[in-house]
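Values in this text are rule-based calculations from the coordinates and carry no lab data. Values in this document were obtained by computation on a predicted structure and should not be read as measured data. Every residue, glycine as well, gets a Cβ built from its backbone with ideal geometry; the counts of neighbours run over all protein chains shown.
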Amino acid sequence: MFELSIFSLDTILNFGIKMLAFLAGLAALIFVHELGHFLVARKVGVVVEKFSLGFGPKILSFTRGGTEYLLSWIPLGGYVKMKGEEVGEEIADEKGSFSAAPVMHRLAIAFAGPLFNILFAIAIYYCVFLVGVPALSPVVGVVKEESPALAAGLQMGDRILAIGDKKILYWEQLQTIVHKSPGRSLDFQVERSSGNTVNVAVTPVAEQITDLFGEKESVGLIGITPLVRNIIYVKEGTPADVAGIQEGDILLSVDDTIIFGWGGLKKAAIDKPGEALAFRVLRDGIEIVTTLTPEAKIVKDIKGKSTKVGLLGIGMAGEMVTERYGIFGAFKRACTETGRLIYLIAVSIKKMVSGSIPADSIGGPILIFQIYGEQAEQGFSELIRLTALLSINLGLLNLLPIPVLDGGHIFFFLIEILKGKPISERNRERAQQVGLFMLLSLMVFAFYNDIMRIIT
């Protein structure tokens with residue numbers, strides 16, 4: 001009897017959970033996007049004939065209020081079909097036709113999809129910050145040599161309680177104040193590991209740092225990093241898992257290097273692929289030493305430069321506290337976080353178009369599925385925050401002035417407003433053909449990149 005046992009039950013179950021998380025997240029994003037088009041169209045009197053999640057043959061459908069609602073077999077998109085929307089089917093004299101609607105109404109309908117994606121992200125972040133999110137405690141790890149912090153007497157293990165009259169609860173608060181205060185003396189209230197409280201005056205120096213996109217920025221720095229050595233995640237089948245590292249362990253050292261954060265771990269292990277290293281961890285008050293050999297892998301940075309690194313398969317964090325906000329504070333923080341991500345995504349799109357970011361960094365559904373799977377393993381909080389990020393991505397990408405996308409329609413409507421008449425049917429048809437070709441080419445390229453990441 002032939003028995004196929006390539007995949008274990010656990011592997012199949014794990015894949016199924018990841019796939020469900022991916023499809024649920026994708027369905028939510030598409031539904032919200034199309035809901036925006038649907039609600040605004042109904043509001044301005046345009047008849048919506050179909051509202052579909054997915055493409056291709058329908059799985060099930062029902063009709064209500066003159067609209068057919070469908071669930072289709074191909075779960076990689078969705079659409080809203082309005083009366084008189086398609087090129088060549090304009091019904092200018094018929095009530096409820098999209099093409100007969102005032103141009104400002106059509107503009108609002110097109111813009112509503114991306115807008116709802118942005119609002120959806122704000123809603124997610126609002127709930128997240130209202131419930132509470134893990135935040136890094138302001139405990140000092142590494143104090144760099146010849147730094148303002150070292151000169152002022154800050155030590156590893158110091159807990160920053162306040163800066164001036166500002167109470168410090170999270171590392172991000174400390175970082176924000178320091179970045180904004182180059183050349184200005186700051187009064188740090190510090191709790192030592194011994195329990196004593198002291199006051200330390202530290203003056204940040206202005207230094208140039210490089211952001212994710214290679215841009216230079218002048219900020220205040222004092223030369224400290226947070227204490228990060230709590231292992232919060234171990235990926236199955238990785239060198240860390242094989243070596244017996246467990247979630248909840250505290251990483252003390254690698255060989256003779258004491259670990260205070262990711263910087264030290266990078267030098268001690270990540271930069272040493274293929275070398276057998278002694279990892280010393282603290283587990284339930286007992287020190288344990290195990291041998292771990294980082295897996296060698298070639299990765300590319302944001303500029304496309306290839307580097308050989310050692311993969312460990314762990315996630316680390318510092319001492320974590322729950323960051324909570326009130327009703328109004330959560331909304332403010334949600335808007336701030338969404339605005340920050342809009343800026344970062346917009347900059348990344350700009351740099352990708354200009355060639356500053358390599359084209360092989362573009363990912364498609366396979367990459368999104370992989371990321372969703374990884375976040376699902378780390379818990380619902382991380383998964384829902386990833387959904388918010390992807391919602392912003394979907395909204396912004398749809399605003400690109402490419403025919404077929406919402407941004408292309410918006411561009412045509414703006415031209416119509418300026419000219420006082422719509423673009424001819426023939427020109428719109430040609431533009432949509434070009435836009436469809438561009439979109440399909442991009443999808444093929446993204447799939448190619450996804451496959452190459454798997455096989456290389």
Practice prompt. Return the whole-Å distance between the Cα centroid of the stretch 99-161 and the Cα centroid of the stretch 191-253.
Written response: 19
Item to complete: Any chance you could give the angle, 0 to 90 degrees and rounded to 10, that helix 425-455 forms with the longest Cα principal axis of the chain?
Response: 30
Practice prompt. Normalise the Debye intensity by I(0) for the stretch 228-318, one equal point scatterer per Cα, no solvent, then take log10 at q = 0.13, 0.19, 0.24 Å⁻¹ and round to two decimals.
Written response: -0.39, -0.82, -1.27
Worksheet item: How high is the relative contact order of the chain, given as a whole-number percent (alpha carbon pairs under 8 Å, six or more residues apart)?
Response: 15
Practice prompt. Measure nothing fancy, just the Cα-based angle from helix 365-377's long axis to the longest principal axis of the chain, in degrees from 0 to 90, nearest 10.
Written response: 50
Worksheet, complete the sentence: Ranking SER194, THR225, GLY395 by how far each Cα lies towards the positive end of the charge dipole of the chain (+1 on Lys and Arg Cβ, -1 on Asp and Glu Cβ), the top one is GLY395
Response to the item:
Given the candidates ALA296, GLY285, ALA243, the one whose Cα lies deepest towards the positive end of the charge dipole of the stretch 228-318, counting +1 at each Lys or Arg C-beta and -1 at each Asp or Glu C-beta, is ALA296
Worksheet, complete the sentence: Bridge orientation stat for the stretch 46-127 from DSSP, antiparallel percent rounded to 5, came to 75
Worksheet item: Between VAL353 and LYS166, how many nm apart are label points set 7 Å from Cα along the C-beta direction?
Response: 3.5
Worksheet item: In what order do MET104, MET156 fall by count of nearby beta-carbon atoms within 10 Å, going from fewest to most?
Response: MET104, MET156
Response to the item:
One finds, for LEU20 and VAL44 with R0 = 30 angstrom and r their Cβ-Cβ distance, a FRET efficiency to the nearest 0.05 of 0.25
Item to complete: Step through the table entries LYS81/LYS350; LYS144/LYS167; LYS58/LYS81; LYS272/LYS351; LYS144/LYS332, compare each Cα-Cα distance with 26 Å, and write down the pairs that go over it.
Response: LYS81/LYS350; LYS272/LYS351; LYS144/LYS332
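Please arrange HIS105, HIS33, HIS409 by counting, for each residue, the other beta carbons lying within 10 Å of its beta carbon, fewest first.
The fewest-first ordering by Cβ neighbours comes to HIS105, HIS409, HIS33.
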Worksheet item: Quick one: putting +1 on the C-beta of Lys and Arg, -1 on the C-beta of Asp and Glu, what dipole do you get for the stretch 228-318 around its Cα centre, in Debye to the nearest 20?
Response: 540
Worksheet item: Once both axes come from the Cα atoms, what is the angle between helix 380-397 and the longest principal axis of the chain, in degrees from 0 to 90, rounded to 10?
Response: 50
Worksheet, complete the sentence: Per-residue ellipticity at 222 nm attributable to helices in the chain (runs of n ≥ 4 DSSP H, -39500 (n - 2.57) apiece, nearest 500 deg cm²/dmol) works out to -14000 deg cm²/dmol
Worksheet item: Roughly how many nanometres apart are two label points built 7 Å out from the Cα toward the Cβ at LEU436 and GLU86?
Response: 1.0
Worksheet, complete the sentence: dims of the chain, Cα set, principal axes, largest to smallest, nearest Å -> 81, 73, 40
Worksheet item: Among GLY157, HIS409, PHE447, which residue has its Cα positioned farthest towards the positive end of the charge dipole of the chain, with +1 placed on the Cβ of Lys and Arg, -1 on the Cβ of Asp and Glu, and the dipole taken about the Cα centre?
Response: HIS409
Worksheet item: Relative to the Cα centre, what is the charge dipole magnitude of the chain, using +1 at the beta carbon of each Lys and Arg, -1 at the beta carbon of each Asp and Glu, and rounding to the nearest 20 debye?
Response: 1160
